[in-house]
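Trainee: I have a structure here, written as structure tokens, and I will follow up with some questions on it.
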Amino acid sequence: TLSSGDKSNYYFDGKMLEMSSAGSALIGQVIFDRIKDKDIDAIGGLEIGAIPLTTAAVYTYHKNGRSMEGFVVRQEAKTHGTKKIIEGQLRPGSKVVILDDVVTKGTSVLKAIDAVRKVECQPVLVLALMDRLQGAEQLLKGQGIPYQSIYTIRDFARDPAVVK
């Protein structure tokens, strides 16, 4: 069962890769290589999928002698303390890249896009680690936001019939 509630015959557990030292280093480098030439101020996305990706990417920026802000969008605003929905130092007018580990239809990514737009930031790219090829790209095109994935389900499916 996916986060959307849909059923699938396959599951991509990105957390296994994201939470290993080697995997995190590789992910950080791949994200850095994809976005290092973009005019952006911050990178991040919806909890929980974007947290390890964001951490790996901002660390890789630092390792390469560059500064980059990271942020995370909560599923719901905190009910105590600051009551924030976005953690990190996003400033109005910031250009941001939205990260996600696995996208299906893109509805989770839209939550992050809506949240950053509410604080007057501009999403300039959505970058996913893996796309299940079930509508996210079309949804984001409809929002006028460029989209890329590092991998698609086609890169992992053993049975081509699984991927239509």
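Just so you know, all these numbers are worked out from the coordinates, no wet-lab data involved. Quantities reported herein were computed from a predicted structural model and do not represent experimental measurements. Cβ: placed from backbone, ideal geometry, glycine included. Neighbour counts: every protein chain shown.
Trainee: For Cα pairs less than 8 Å apart in space and 6+ apart in sequence, what is the mean separation divided by the residue count of region 27-139, i.e. the relative contact order in percent?
Mentor: On the way: 220 pairs, mean separation 29.4, N = 113.
Worked out over region 27-139, it gives 26 percent.
Trainee: Calculate, in nm to one decimal, what LYS36 and HIS80 gain on full extension: separation in residues at 0.36 nm each, minus their alpha carbon distance. Show your work: numbers first, answer last.
Mentor: Details: separation 44, 0.36 × 44 = 15.84 nm, distance 3.59 nm.
Gain on stretching LYS36 to HIS80: 12.2 nm.
Trainee: Apply the a/c threshold of 1.5 to the C-alpha gyration tensor of region 61-124 and tell me whether it is rounded, prolate or oblate.
Mentor: On the way: a/c = 1.58, a/b = 1.16, b/c = 1.36.
Oblate shape, in that a/c is at least 1.5 and b/c is the bigger or equal ratio.
Trainee: While we're looking at this one, here's another question. Label-point separation (nm) for ALA22 and PHE156, each offset 7 Å from Cα along Cα-to-Cβ?
Mentor: 1.7
Trainee: Turning to a different aspect of this structure: Taking the Cα centre as origin and putting +1 on Lys and Arg beta-carbons and -1 on Asp and Glu beta-carbons, what dipole magnitude results for the chain, to the nearest 20 debye?
Mentor: Working: 22 positive and 19 negative charges, 47 e Å.
In debye, rounded to 20, the chain gives about 220.
Trainee: Rank-order 29-36, 122-129, 96-103 by packing density, defined as the average count of other C-beta atoms within 10 Å over each peptide's residues, highest first. Write out the running numbers ahead of the final one.
Mentor: Details: 29-36: 16.9, 122-129: 22.2, 96-103: 25.4.
Top of the packing list down: 96-103, 122-129, 29-36.
Trainee: Pairs on different chains or at least eight residues apart, Cα atoms closer than 21 Å: how many lysine pairs in region 89-164 fit?
Mentor: On the way: LYS95/LYS111; LYS95/LYS118; LYS95/LYS141; LYS105/LYS141; LYS105/LYS164; LYS111/LYS141; LYS118/LYS141; LYS141/LYS164.
For region 89-164, the number of qualifying lysine pairs is 8.
Trainee: As a test of the formula, what do you get for the chain when each DSSP H run with n ≥ 4 contributes -39,500 (n - 2.57) and the sum is divided by the residue count, at 222 nm and rounded to the nearest 500 deg cm²/dmol?
Mentor: Details: 5 runs with 53 residues, N = 164.
That calculation yields -9500 deg cm²/dmol at 222 nm.
Trainee: Here's something else I'd like to know. Determine, for each peptide in 41-49, 148-156, the mean count of other beta carbons within 10 angstrom over its residues, then list the peptides with the highest first. Show your work: numbers first, answer last.
Mentor: Working: 41-49: 22.4, 148-156: 14.9.
Ranking, from highest mean packing down: 41-49, 148-156.
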